[in-house]
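Worksheet: the structure to be examined is printed underneath.
No lab work stands behind these numbers, since they all come straight from the coordinates. Quick caveat: nothing in here was measured; it's all calculated off a predicted structure. Here the Cβ positions follow ideal geometry from the backbone for every residue, glycine too, while neighbour counts run over all protein chains shown.
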Amino acid sequence: MISKIPADLRYAKSHEWVRVSATLATVGITDHAQHELTDVVFVELPEVGRKVSAGEACAVVESVKTASDIYSPVGGEIVEINKAVADNPALVNTEPYAGGWFYKVKLENPTELGLLLSSEQYQALIGA
């Protein structure tokens, strides 16, 4: 299976993606990650107002076969969570790059984005 890897996003080696608009970063998990997890049944999101550091575990996703920490690819303050994904965790499987996002973070240090992978680098990482 070839994962969908949008070119306009940045990727963490831990399989999270980031979509940046000005100083706001939307975070979710990749199509590859949701495929590996299989059916997502529960998502625990961080609290709005929480400060996170790049690489910090800040959310949890549970599937029928495992539970996994979600690591923030960038540091900053959580300013919004996706209540729809908490109510309907299957969105992570059906819309990993759209309705299945987890949270939005106000970037503390935009230069951290340069440490993330491009779509081509992420594709090489997962062997797609």
>> How long are the semi-axes of the equivalent ellipsoid of the chain, taking √(5λ) for every eigenvalue λ of the Cα gyration tensor, in whole Å from largest down?
In response: 20, 19, 12
> Where does each of 58-71, 32-45 land if you order them by average Cβ count within 10 Å, highest first?
Replying inline: 32-45, 58-71
> Hey, how many Å between the Cα centroid of the range 23-99 and the Cα centroid of the range 102-117?
Replying inline: 15
> Over the range 4-50, how many percent of alpha carbon pairs lie in each 5 Å bin up to the one with the longest distance?
Replying inline: 5, 17, 25, 25, 19, 9, 2
